[in-house]
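The values are calculated or read from the model by the stated rules, or taken from the named source; none is laboratory data. Quick caveat: nothing in here was measured; it's all calculated off a predicted structure. All Cβ positions, glycine included, derive from the backbone under ideal geometry; neighbour counts span all protein chains shown.
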Amino acid sequence: MRKVILFDIDYTLFNAQNYRNAFLTALQKEIGISDSKSFLQNADDAYIESRETVGIFDPKAFLSVLEKKLGQKLDISKLEKIILNEEVFNSSLYEDTVEVVSELAKEKDIFLGIFSAGLLPIQRPKIKLLEPFLHAEHVHIFEFKKGKALPELLKKYKDSKLFMVDDIAEILYKAKQINDNITTILIRRKDHPQAYRQELSGFSPDKTITNLREIINIVEGK
């Protein structure tokens, strides 16, 4: 039986906080604001407000709100390119990501994929960095709540040994409710934001890890 590993992206393969810090630093420089504290406070407020409105991080929505917070006209198109800069994405991969996925990809019976939420313009550059190791037919991106996509998605893997790696316990819980044979792996990186550390009463994932290297032994049954 083939083994399929579906990875979440943010806080699993990719340090979303580092990415956010990097593009905010670049935005502040481009806009020409010297007061970092004031800029970051406005940026944080704009990030929260735009996410509450749209449901996910949307650069255009974020920049539109930031423009209002700052009270000055912004070149949104130019600033959006900074947010989507490939170098910023590349610098935000976790150190163990490429090492682990490249090692797993060497195994003929292991197929690597993605199960994540987010706007395609934001998620595609992250996926592109890992394309040599991923199987395109197992890359699944949903622009809004990915939990709703689980029932239909998991039908595809009813004849596979499926491993799901995510930082959000609720997603793993829902997957386990649909198919108890799935191996659920909750990743809890040390730099993970506390806001995402909500546990679910009555649910324990099959495995809890603090870095991706632990996955290799899990998949190999050690």
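The table below gives the values:
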item: Which listed residue, of 45, 109, is outside the structural domain of residue 146 (by TED's automatic domain parsing) and among the charged types (D, E, K, R); result: 45
item: Selected residue [over 20 Å from residue 168 (Cα atoms) and touching a strand residue (DSSP E or B) at 6+ places or on another chain (Cβ under 7 Å)] from 37, 29, 81, 3; result: 3
item: Every residue from the stretch 48-59 that is in contact with a helix residue (DSSP H, G or I) (Cβ under 6 Å, 6 or more places away or on another chain) and either more than 19 Å from residue 18 (Cβ to Cβ) or not assigned by TED's automatic domain parsing to the domain that holds residue 30 (or both); result: 49, 50, 54
item: Single condition residue 203 does not satisfy, out of (1) in a loop (DSSP other than H, G, I, E, B); (2) in contact with a Leu (Cβ under 6 Å, 6 or more places away or on another chain); result: (2)
item: Per-region count, the stretch 68-95, residues aliphatic (A, V, I, L, M), free of Cβ contacts under 8 Å to residues at least 60 places away in the same chain and assigned to a helix (DSSP H, G or I); result: 4
item: Given (1) exposed (fewer than 15 other Cβ atoms within 10 Å of the Cβ); (2) in contact with a helix residue (DSSP H, G or I) (Cβ under 7 Å, 6 or more places away or on another chain); (3) touching a residue at least 12 places away in the same chain (Cβ under 8 Å), number of the condition residue 19 does not satisfy; result: (1)
item: Any chance residue 171 is at pLDDT 95 or above, surrounded by 14 or more Cβ atoms within 10 Å (Cβ to Cβ) and either assigned by TED's automatic domain parsing to the domain that holds residue 55 or not in a strand (DSSP E or B) (or both); result: no
item: Scan of the stretch 1-41 for residues that are among the acidic types (Asp, Glu) and either part of a helix (DSSP H, G or I) or within 30 Å of residue 159 (Cβ to Cβ) (or both), ordered by number; result: 8, 10, 30
